[in-house]
Amino acid sequence: MKRSTLAPAIAAAAVLALTACGSGSGDDPTGGDDAGGDGAEGLPDTLILGLVPSVEVDQLTEDADELGELLSAELGVDVETFISTDFAALVVGMQTGQADIGMFGPIALVNAVDQAGAQPILQSVRYGSSTYHTQWFTTDTDTYCLDEVITEADDEGNEYAYCNGAEAQEGPTGEDALALIPADAAISFVDASSASGYFYPATQLGQILGVDPATELTGAAFAGGHPNSVQSVERGDAVVGTSFNDARENLIEENPEIGTAVTVFASSPEIPNDGIAVNGELSAEAIQQITDAFMAISETEEGAEVLKDIYDIDGLAPADIEALDTARQVAQAFNES
């Protein structure tokens, strides 16, 4: 597997940059005299919320700031936000006490629990479900579409192309087509810590091809984000790519043809949705207040809109620890392969 040698340095730099912000889990757990009203009881003066790129960074930064303001209003303390370089850097931020709250993909979420002592509190709900799957896409439909390409339109009339039954609501689909991918093919994965963008599809492909996904997918590279992976395949930088379903929606406004420019031809087994974790050193009272604040925000029109803008979240539900264990098992199996 090709991995950028810059990633550890970038992650370290991100953590160093956070140090200047100060940690929300400081020495004064009561929040001090300036912490704000009754909602601040048990909370530190400042909470730091970390996110990772999934859409254009400037827009995500703006949306994250809005979420921080909503949380601040609910909790009665300042909530600062930052965009980490990737999931791994955000896990490090939680581990070093430089982030109090993190919004993670499922693999990174269990890594934050196992490596940083974080506590998962909530999971995202989309389309009424707490699971999702990887979509595999390509522009080479002659090779990877074993039946006719079909298109489906969303409520706004945007067209999206599929084949091999990959339009199904649940995976896996199209695994006969995945068997046609050479181990040395140019594959666009998302990020080394991404469940749908790397762990699940790489494990799936490794099992189908009978190869070690960590070492024998020699043409693979990381695009750095789900929309980036779609764009990588559209540009011809990769023959096939992976993302969550359906990352093409994040690009449709700037590129109305993206839904048919790349065709989804396969999907992975179902994956537990991303979620929210907090610093495990916070008091039980503080953790409950943060949980309640997110839930309260998700039930307002303004809050629902910002969660939708940030990670396409339709709602929030209590963290499903059993489902997250399945993500842990995939990560462990991958690391042991």
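The values are calculated or read from the model by the stated rules, or taken from the named source; none is laboratory data. These figures come from a predicted structure and were not determined experimentally. A quick note on method: Cβ atoms are made from the backbone with ideal geometry, for glycine too, and the neighbour counts reach across all protein chains shown.
Can you name the condition, by its number, that A247 falls short on among (1) in contact (Cβ under 8 Å) with a residue 24 or more places away in the chain; (2) surrounded by fewer than 24 Cβ atoms within 10 Å (Cβ to Cβ); (3) in the same structural domain as P172 (by TED's automatic domain parsing)?
Condition (2) is where A247 drops out.
Within the set of pairs 6+ apart or on separate chains, which have a first residue in region 54-76 that is within 14 Å of M103 (Cβ to Cβ) and not assigned by TED's automatic domain parsing to the domain that holds S229, a second that is charged (D, E, K, R) and modelled with pLDDT under 95, and C-beta atoms under 6 Å apart?
Filtered contacts from region 54-76: D63/D309.
Which one is surrounded by the fewest Cβ atoms within 10 Å (Cβ to Cβ), of the residues in region 87-107 that are assigned to a helix (DSSP H, G or I) and more than 11 Å from the chain's Cα centre (by Cα)?
Once the filter is applied, the top-ranked residue is Q95.
Considering only residues that are touching a Gly at 6+ places or on another chain (Cβ under 7 Å) and surrounded by 20 or more Cβ atoms within 10 Å (Cβ to Cβ), look in region 280-294 and name the one that is nearest to S72 (Cα to Cα).
Among those that are touching a Gly at 6+ places or on another chain (Cβ under 7 Å) and surrounded by 20 or more Cβ atoms within 10 Å (Cβ to Cβ), it is Q289.
Would you check if there is a residue in region 175-186 being touching a residue at least 60 places away in the same chain (Cβ under 8 Å), surrounded by 19 or more Cβ atoms within 10 Å (Cβ to Cβ) and touching a helix residue (DSSP H, G or I) at 6+ places or on another chain (Cβ under 9 Å)?
Looking for residues that are touching a residue at least 60 places away in the same chain (Cβ under 8 Å), surrounded by 19 or more Cβ atoms within 10 Å (Cβ to Cβ) and touching a helix residue (DSSP H, G or I) at 6+ places or on another chain (Cβ under 9 Å), one finds at least one in region 175-186, hence yes.
Having 1 or more residues that are assigned by TED's automatic domain parsing to the domain that holds R248 and over 25 Å from the mean Cα position of the chain (by Cα) is the bar; report the strands (runs of 3 or more DSSP E) wholly within region 141-205 that clear it.
150-153
Kindly indicate whether I258 is at pLDDT 95 or above, among the hydrophobic types (A, V, I, L, M, F, W, C) and not assigned by TED's automatic domain parsing to the domain that holds Q95.
Considered against the rule, which asks whether it is at pLDDT 95 or above, among the hydrophobic types (A, V, I, L, M, F, W, C) and not assigned by TED's automatic domain parsing to the domain that holds Q95, I258 comes out as yes.
I'm trying to understand the selection: among the residues of region 295-337, which are surrounded by fewer than 17 Cβ atoms within 10 Å (Cβ to Cβ), small (G, A, S) and within 19 Å of P272 (Cα to Cα)?
Residues satisfying the conditions are A317, A333.
State yes or no: is G219 of a type in the set (G, A, S) and farther than 24 Å from R328 by Cβ?
yes
Could you run through region 263-289 and say how many residues are more than 21 Å from the chain's Cα centre (by Cα) and over 22 Å from Q123 (Cα atoms)?
2
Out of region 245-266, which residues are among the charged types (D, E, K, R) and over 10 Å from Y160 (Cβ atoms)?
Passing the criteria: E253, E254, E257.
List the residue pairs whose Cβ atoms are under 8 Å apart, where the first residue sits in region 86-98 and is within 20 Å of G197 (Cα to Cα), the second is among the aromatic types (F, W, Y), and the two are 6 or more positions apart or on different chains.
F87/F104; L90/F104; V91/F104
Here are the criteria: (1) in contact with an Asp or Glu (Cβ under 9 Å, 6 or more places away or on another chain); (2) closer than 15 Å to D246 by Cα. Tell me which single one N164 does not satisfy.
Exception for N164: condition (2).
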